[in-house]
1. Helix 2-13: angle to the longest alpha-carbon principal axis of the chain, degrees 0 to 90, nearest 10?
2. Quick check: pseudo-label points 7 Å beyond the Cα along Cα→Cβ at Asp48 and Thr7, how many nm apart are they?
3. Rounded to the nearest 500 deg cm²/dmol, what is the calculated helix-only ellipticity per residue at 222 nm for the chain, with -39500 (n - 2.57) per DSSP H run of length n ≥ 4?
4. Using DSSP, restrict attention to beta bridges with both residues in region 22-68 and report what percent are antiparallel, rounded to the nearest 5.
5. Can you tell me the dipole magnitude for the chain around its Cα centre, using point charges on the Cβ only (Lys, Arg +1; Asp, Glu -1), in Debye to the nearest 20?
6. For Cys18 and Tyr60 in one chain, what is 0.36 nm times their gap in residues minus the Cα-Cα distance, to one decimal in nm?
7. If each Cα of the chain is one equal point scatterer, what is log10 of I(q)/I(0) from the Debye formula at q = 0.21 Å⁻¹?
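Any read-out appearing in this document is the output of simple, stated calculations on the displayed coordinates, not a laboratory observation. In this text, all values refer to a predicted model and were calculated from it rather than measured experimentally. Note that we place each Cβ from the backbone using ideal geometry, even for glycine, and neighbour counts take in every protein chain shown.
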Amino acid sequence: ADIYERTAEELARRGLGCECLGGGRLAHRPEERRIHVYGYSVGFGRADHSVTTEKLKAEYPDYEITWADEGY
């Protein structure tokens, strides 16, 4: 929620709006070049982790990126 609030405020200063579609967590293991997306946000619910994973794959093509709905 803290990150969302800061981002929403910054966007508002630029005349833009945003909406949080859900949350989750990232487990980043740079030494293994792996990122795992999982979990949910108590306040915002679960994001669509398949979308997050595709965005991460575009940014980190040399990483193994996985996701699961389990976990917190």
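1. With rounding to tens, the tilt is 50 degrees.
2. Computed distance between label sites Asp48 and Thr7 equals 1.6 nm.
3. Working: 2 runs with 23 residues, N = 72.
-10000 deg cm²/dmol, from helical runs alone.
4. Numbers: 6 of 11 bridges.
Taking every DSSP beta bridge with both residues in region 22-68, the antiparallel ones total about 55 percent.
5. Approximately 100 debye in magnitude.
6. Values: separation 42, 0.36 × 42 = 15.12 nm, distance 2.47 nm.
My answer for the length gained is 12.7 nm.
7. -0.94
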